[in-house]
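Reviewing the structure listed below.
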Amino acid sequence: MDQVAETAIDDVVHGAVHFGSGGGGDPYLGQQLLTATIRRHGPVPLVRADELAPDALVLPVVSGGTPHALIEKAHSAAEAEILRSAVETRAGRKCAAVLPVQLGSVNVAVPLAVAAELGLPCLDVDLMRRTLPSIDMTLLRLAGLPVPPITVVGGAGVVAEFSSGADTVLSELVRAVMPALGLVALISAYRVTAGDCARLGVAGSISECARIGAGLADVSPAHPDGYEPYLRACGGRLVCTGTVAEIVQHSADGWPRGVVSVRTPEGFVRIDFQNENLVLSREGTVLATVPDLIGLADAETGAMTQTVDLAVGQDVHVITSPVDDRWHTPEGLAVVGPRAFGYAVDPVRFDGAIPAVGTR
């Protein structure tokens, strides 16, 4: 792709839902935000990192906020201008393009909208190749680049900046200021050049969202092989089909966490989630874990759905798909494997087979 026009928005945003792994924000919100922006400013140009000068400064953008707050409060053009100004002032030079930090319906739509508002191209690159809950969980950080400086811009134009510190401390500080900023903010982190992105980022990310979204648009949920267009596009596998039997969740800190139980012919399937789906198991047998993607599709409509939007009695398909291999290295798993999220299980890459009950 060389641009994102209005006709491509549905495919791009719905393809990004795939990378949300049950999280990533409401796709309707992303669609509406991006549609309104493109109607004002025209299509958003996409560029490859190697099309820019290696030392060109880029503007990483991620939308921070809890799911319920993002539904009620969208980002503004003023926030985008303040964010760019803060990053450019600190760096002492202009930004050449906007860089999506993660993939997910909101965090694909928001960087594209920010690029349109600022009159900049958007890099067809991202730093996670999925949705992850923390700004330090990127392939850039995995390669040793520091997370700070971090700039957080709230809806009232309030700016919080963190110039140094340990990743875990900075992550907690960013979360700590979010309530005072209205639980929604634009965030930028890292000092990134186009050369860094060409070397370490994941190329073709927005284009990949569009391709997977087109596969989802071709799904025929009533047909036995109706998900093949989508599964071919994402390299995924349909694990099982069942009915949501129970949902237990809490969000004391504003971020949803919990467990979903799905009744299937092979037994009960359990999905543990923290924003995103992280562990898939069946009666004690772990089938798949983060960093691989664990998605849920509504069996009636074929649409990928957020875990927080599930309802008891809903029929769903459970689908797994791969991520960038760098997340499956020992270093990657230390950052985004199941134990990094507090689950005392070893990482499992789903291979398409359903193990017998009681096997490991």
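The values are calculated or read from the model by the stated rules, or taken from the named source; none is laboratory data. Because the structure is predicted, anything quoted here is derived from the model rather than measured. As a convention, Cβ positions derive from the backbone with ideal geometry for all residues, glycine included, and neighbour counts pool all protein chains shown. Accessible surface is based on the protein model in full, side chains and every heavy atom, while ligands, DNA and RNA are left aside. Shrake-Rupley method; radii C 1.70, N 1.55, O 1.52, S 1.80 Å.
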| task | Could you list all residues from the range 158-176 that are open to solvent by less than 50 Å² (accessible area, probe 1.4 Å) and either in contact with a helix residue (DSSP H, G or I) (Cβ under 6 Å, 6 or more places away or on another chain) or at pLDDT 90 or above (or both)? | result | ALA160, PHE162
| Out of all the residues in the range 134-165, which are acidic (Asp, Glu) and not in a strand (DSSP E or B)? | ASP136
| note | Among LEU118, LEU186, the single one that is buried (at least 19 other Cβ atoms within 10 Å of the Cβ), closer than 28 Å to GLN31 by Cα and in contact with a Gly (Cβ under 8 Å, 6 or more places away or on another chain) is LEU186
| said: Consider the range 227-286. How many of its residues are farther than 16 Å from GLY20 by Cβ and in a loop (DSSP other than H, G, I, E, B)? | reply: 10
| message | Please return the ranges of helices (runs of 4 or more DSSP H) entirely within the range 1-73 where 1 or more residues are open to solvent by 20 Å² or more (accessible area, probe 1.4 Å) and modelled with pLDDT of 90 or more. | response | 9-19, 27-41
| said: Considering only the range 91-113, I want to know if a residue exists there that is surrounded by fewer than 21 Cβ atoms within 10 Å (Cβ to Cβ) and under 19 Å from GLN31 (Cα atoms). | reply: no
| request: May I ask you to list the residues in the range 224-258 that are open to solvent by 40 Å² or more (accessible area, probe 1.4 Å), among the hydrophobic types (A, V, I, L, M, F, W, C) and touching a strand residue (DSSP E or B) at 6+ places or on another chain (Cβ under 9 Å)? | output: LEU238, ILE247, VAL248
| query | Would you pick out the residues in the range 146-157 that are of a type outside the set (Ser, Thr, Tyr) and crowded, with 16+ Cβ neighbours inside 10 Å? | reply | VAL147, PRO148, PRO149, ILE150, VAL152, VAL153, GLY154, GLY155
